[in-house]
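Report on the following structure.
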Amino acid sequence: MSSLSKIVAGVLLVAGLALAFVAWRLASAPARPPASVASAPAPAPVAPVPAPVTRYPVVVAKAPMPAGTRIDTAKMLAVVQWQAPLSGGYQDVAPLEGAVTKVDIAAGDPLLPGLLAQGLARQLKPGERAVAIAVDEVVGGGHRIAPGDWVDVFFMIEKGQEVPGAQARLLQAQVRVLAYGRASVDGPEEKAAGQPGVPNPPARTAVLAVPVEQVNELMLAGRAGRLQLALRPLDDDDVPDPGLFARRGTVLPVRADLTPAQREALTLASNRAFAGESLVQLDGTTAIAPAPAASARGARPAGGRTVEILRGDKSERVRY
């Protein structure tokens, strides 16, 4: 090849390399928007939408509640929203109406079952006491009585040193049964210990909701005589009227220097229970004793001791 041909070939090679470099730069350069688009402002960045936060209702105390407070849900409780659920807590105030606090609860604290009184105490109404009596198949109506039933309590006393003659009568009417044997109104029946299929032992006690002023007579009747539970129909509200009969006296005499207000307080259930009950008053054979509130100033109510005087074939009991 001549020198001229070599020179021409070198020039063409250099020119091809130059064109290839220009083409590469054009291909790698960013594309320019049109003039109309380039003049428009850039769009603002879109902020990310936060995910919705799940809230959970929790019942808390509006104000401090000391131990022993009976809860009024409208005044004492509120439902707030928490970011996490409370295990064992309450989501609604309805189940807490009338519950009683077992410990002090601060304002804002959540309500938990462990902070509330449990058991039969929650089933008692104001002025009632839970009293257990011994039962067997006869006393308990063939063990057909269940918690939540209503019964009449009869008693029978045999003739003895303090009772001139045997008697049987209605002692207390329309009494609520809180527990019978292992079964209770505040929970399911306990399972018998041991192997499955073994029946529970027969009931030996029944727990009754008794007004505090009637606990004394129930204890005396149970010790001195024999009790009998009679199952009542659920829709039967018939009860005796104590005002038709002479009122029994008390064991403790009334002070003579009481004011009218204090004498009126003698009719309160707790004071009547404190005054006591005697067997000779319970059997109804002693002289009529005036009611404490109606006693004359300075008078002492009938005591509970008598002496039996025998005159031939006649017997008379004289109170002293």
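Just so it is clear, none of the values below were taken in a lab; they were calculated from the coordinates. All figures in this text were calculated on a predicted structure; none of them were measured in a lab. Cβ: placed from backbone, ideal geometry, glycine included. Neighbour counts: every protein chain shown.
Taking other C-beta atoms within 10 angstrom as a stand-in for reagent exposure, M76, M219 fall in the order M219, M76, fewest first.
Taking other Cβ atoms within 10 Å as a rough exposure proxy, D72, D235 sort from fewest to most as D235, D72. Ranked for footprinting exposure by Cβ neighbours inside 10 Å, fewest first, L252, L116 give L252, L116. Amide H contacts under 5 Å for K102: G68, L116, A117, restricted to partners 5 or more places along the chain or on a different chain, H placed in the peptide plane at 1.01 Å from N. A straight chain from A107 to V22 at 0.36 nm per residue would run longer than the Cα-Cα distance by 22.6 nm.
Between K125 and A51, take the C-beta separation as r, use R0 = 56 Å, and let me know the FRET efficiency to the nearest 0.05. The value I calculate is 0.65.
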